[in-house]
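Q: One structure coming up, written as structure tokens, with questions to follow.
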Amino acid sequence: MFKYIIKRLLIFIPTLVAISLLTFVISINAPGDPVDSMLNQSIGGGEGRSGEKLAGEKAYNELRHQLGLDLPLFYFSFTNATYPDTLYRIQKKSHRENLQRVAYEYGDWNLVSSYYHTLKKLETKTFDIEINETTSNALRKVKEAINELYINYEQEKLISIVNDIEFEVFKPKRENLKEYYDDEYLEFRSAFEHMIINKSVINRYIPVIHWYGLKNQYHNWISGFVVGDYGISYQDKRPVSSKIFEALKWSMILSILSIIIAYIVAIPLGVKSATSKGSTTEKLITTLLFLLYSLPNFWIATMLIQFLGGGGLDWFPTFGLGNLPESAPFFDRFFETAYHFILPLFCLTYASFAFISRQMRGGMLDVLEMDYIRTAKAKGLKNQVIVWKHAFRNSLIPIITLFANIFPLAISGSFIIEVIFSIPGMGQLTLKAIFARDFPIVFTVLMFTAILTLVGNLVADILYAYVDPRISFSNKK
């Protein structure tokens, strides 16, 4: 068994690496720009001055550096000759994604880079021009055209947009912008034309490997995760670890209490159903449990709030965990919280009775038909001894299989119940993080769930061998 446990633990390593890679790939391809989300702005547009724009870009770069997003994604990249090894240095996510397409379309990164940097200089100059009655209309159109260049890569579309800019700069009207530009537009136009004319499609078919070493986003993320640094929340810039651990205690308390109550109630009911097969008692237990199982917990929660909570008899609190401060005596806070847990705990637990008891009943029925049980009966042993000493232990295999799911469920919480009863647990935290696209929280919960799923399966295998000595994980035959 010891060798088996070591072997399973060693298998955990590549499994977790694969899960972490999948999680990381999902995270980097998630929609939106986390830096923009945290700054609550979109740098690069609007009607502000160049000084304000530069200040915004500085704040953007500082936060991007703080988050480690100014590093390569992985240890290496296997791509083609159109893809540069420095693309990660481009600030904006949307710009990087479009420049990758532009580089693939035209094949020469040096020319594409020159085009991009002259476009940035043109944009900066445009922000420096004073907005007045003469220039406002033309400037607005030029800024719109520049923003379109940042997100387009098809040649016909780019040529059309550049021609629109040139028309606004040189159009034969009083409101043209020619006098405000020195060499910025001509430099941009020259870089653009060089990129178009010197298009090199052959580079798409030349394989290239770029090596970045340990200074990359994945290495920082996984090494931080191992030591308990899960990043910072995009919503309030708090450490993810503090937010998760605050919510985790309430979800674990609810889940563990629910599991204990469910097993204490359901297992005896399952055994009773098996030993009283076909009787009125068995039919009554089955009917009652499946009636409860068929009722959705959000509906039951709503009814309990309406009739037993503030909307009816007002017997139980229906919101939060109480209002006592941390300085209040421990037992006062304990009983206050326990009182608030009654309704959500019932809603979490009642549906488990039918499922667990049914599994227990099935396992017990299989065991009760075995030869050694008939032998025990023939010896004249009491029914209670036969059931609980001889049959019960060997009928626990289905229950142990269910037990393997407890570990991930204990940290995931219940979205519905925690939201309905306003319990600040993992379910509510994860749901809010999903809606707010707070991906560090979402992916940390995902990683913990994967880890605890593996642990749960290992614990289940160990319990299999404990309750049934016939189960062995060694190689002996």
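Values in this text are rule-based calculations from the coordinates and carry no lab data. Computed from a predicted model, the values in this text were never measured in an experiment. Don't worry about glycine lacking a Cβ; one is built from the backbone with ideal geometry, like all the others, and counts go over all protein chains shown.
Q: Hey, can you rank 293-302, 112-121 by average C-beta count inside 10 Å, highest first? Could you put the intermediate results ahead of the total?
A: Values: 293-302: 14.6, 112-121: 19.3.
So the peptides 293-302, 112-121, ranked by packing, come out 112-121, 293-302.
Q: Okay, moving on. Expected output is a single nm value to one decimal: the length gained when fully extending between K121 and V17, i.e. 0.36 nm times separation in residues minus the C-alpha distance. What is it? Could the numbers behind the result be given before it?
A: Values: separation 104, 0.36 × 104 = 37.44 nm, distance 4.29 nm.
Full-extension gain reported as 33.1 nm.
Q: Going by average Cβ density within 10 Å per residue, which order do the peptides 393-401, 23-31, 363-371 take, highest to lowest? Walk me through the numbers before you get to the answer.
A: Numbers: 393-401: 18.3, 23-31: 13.7, 363-371: 16.4.
Answer by packing, highest mean first, reads 393-401, 363-371, 23-31.
Q: Using just the helices of the chain, give the 222 nm mean residue ellipticity in deg cm²/dmol: DSSP H runs with n ≥ 4 each add -39,500 (n - 2.57), and the total is spread over all residues, rounded to 500. Present the calculation step by step, with values, prior to reporting the outcome.
A: Details: 19 runs with 305 residues, N = 477.
After summing the helix terms and dividing by residue count, I get -21000 deg cm²/dmol.
Q: Still on this structure: Put +1 on the Cβ of each Lys and Arg and -1 on the Cβ of each Asp and Glu in the chain; which of I146, V227, M252 then has its Cα farthest toward the positive end of the dipole?
A: M252
Q: Now for a separate question. Treating each Cα of the stretch 33-226 as an identical point scatterer and ignoring solvent, apply the Debye formula and state log10 I(q)/I(0) at q = 0.14 Å⁻¹.
A: -0.88
Q: I would also like to ask the following. In debye, nearest 20, what is the charge dipole magnitude of the stretch 33-226 about its Cα centre with +1 on Lys and Arg Cβ and -1 on Asp and Glu Cβ, if you could check?
A: Approximately 420 debye in magnitude.
Q: Let me ask you something else. Obtain the nm distance between the two label points defined at N132 and S276 by a simple spin-label model: each point lies 7 Å from its Cα along the Cα-to-C-beta direction.
A: Reported label-point gap for N132 and S276 is 9.5 nm.
Q: I would also like to ask the following. Report the residues of the stretch 65-106 in range of a label on W211: point 7 Å along Cα→C-beta, backbone N strictly under 18 Å from it.
A: What the label zone holds, given the 18 Å backbone N cut-off, is 72-80, 85-86.
Q: Still on this structure: On a straight-distance basis, which lysines could pair with K382 in a cross-link, Cα separation under 28 angstrom, same-chain partners fewer than 8 positions away excluded?
A: K272, K277, K283
Q: Positive end of the dipole of the chain, charges at C-beta (+1 Lys, Arg; -1 Asp, Glu), about the Cα centre: which of I129, G456, G363 has its Cα farthest in that direction?
A: The residue sitting most towards the positive pole is G363.
Q: Relative contact order for the stretch 33-226: what is it in percent, counting Cα pairs under 8 Å that are at least 6 residues apart? Don't skip to the answer; put the middle values down first.
A: Details: 208 pairs, mean separation 69.4, N = 194.
The value is 36 percent.
Q: Does a label point 7 Å from the Cα of S294, set along Cα-to-beta-carbon, have any residues of the stretch 253-285 with amide nitrogen under 15 Å, and which are they?
A: The answer is 284-285.
Q: Only Cα pairs under 8 Å and at least 6 apart count here; give the relative contact order of the stretch 106-178 as a rounded whole percent. Write down the numbers at each step before the final one.
A: Values: 40 pairs, mean separation 21.1, N = 73.
Worked out over the stretch 106-178, it gives 29 percent.
Q: While we're here: Of F331, A274, T444, which is farthest along the charge dipole of the chain in the positive direction, counting Lys and Arg as +1 and Asp and Glu as -1 at C-beta?
A: A274
Q: With +1 on the Cβ of every Lys and Arg and -1 on the Cβ of every Asp and Glu, and nothing else charged, how large is the dipole of the stretch 240-467 about its Cα centre, in debye rounded to the nearest 20?
A: On the way: 16 positive and 12 negative charges, 182 e Å.
Result for the stretch 240-467 is approximately 880 debye, rounded to the nearest 20.
Q: Tell me the relative contact order for the chain as a rounded percent, counting alpha carbon contacts under 8 Å between residues six or more apart. Please list the in-between numbers first.
A: On the way: 536 pairs, mean separation 84.5, N = 477.
Reported relative contact order: 18 percent.
Q: Take each of the peptides 349-362, 202-215, average the number of other beta-carbon atoms within 10 Å over its residues, and list them starting from the highest. Please list the in-between numbers first.
A: On the way: 349-362: 20.9, 202-215: 11.8.
With the highest mean Cβ count within 10 Å placed first, the list reads 349-362, 202-215.
Q: Do me a favour and compute the ellipsoid semi-axes for the chain from its Cα gyration tensor, root of five times each eigenvalue, largest one first, whole Å. Write down the numbers at each step before the final one.
A: Numbers: eigenvalues 807, 174, 68 Å².
Over the Cα atoms of the chain, the ellipsoid semi-axes are 64, 29, 18 Å.
Q: Which of the residue pairs K53/K120; K143/K237; K120/K215; K92/K243; K120/K141; K157/K199 have a Cα-Cα distance greater than 23 Å in the structure shown? If you can, show how the numbers build up before the last one.
A: On the way: K53/K120 12 Å; K143/K237 32 Å; K120/K215 28 Å; K92/K243 28 Å; K120/K141 16 Å; K157/K199 16 Å.
Too far apart for the 23 Å limit: K143/K237; K120/K215; K92/K243.
Q: What's the magnitude of the charge dipole for the chain around its Cα centre, counting Lys and Arg as +1 and Asp and Glu as -1 at the beta-carbon? Answer in Debye, nearest 20.
A: On the way: 48 positive and 44 negative charges, 615 e Å.
Its charge dipole is roughly 2960 debye.
Q: For the chain, find the longest principal axis of its Cα atoms and tell me its angle to the long axis of helix 93-106, 0 to 90°, nearest 10.
A: 60 degrees
Q: For the stretch 240-467, what is one quarter of the convex hull surface built on the Cα atoms, given in nm²?
A: Values: hull surface 62.4 nm².
One quarter of the hull surface, i.e. the mean projection, equals 15.6 nm².
Q: How much length, in nm to one decimal, is gained on full extension between R101 and F335, taken as 0.36 nm per residue of separation minus their Cα-Cα distance? Don't skip to the end; give the middle numbers.
A: Working: separation 234, 0.36 × 234 = 84.24 nm, distance 6.11 nm.
Length gained between R101 and F335: 78.1 nm.
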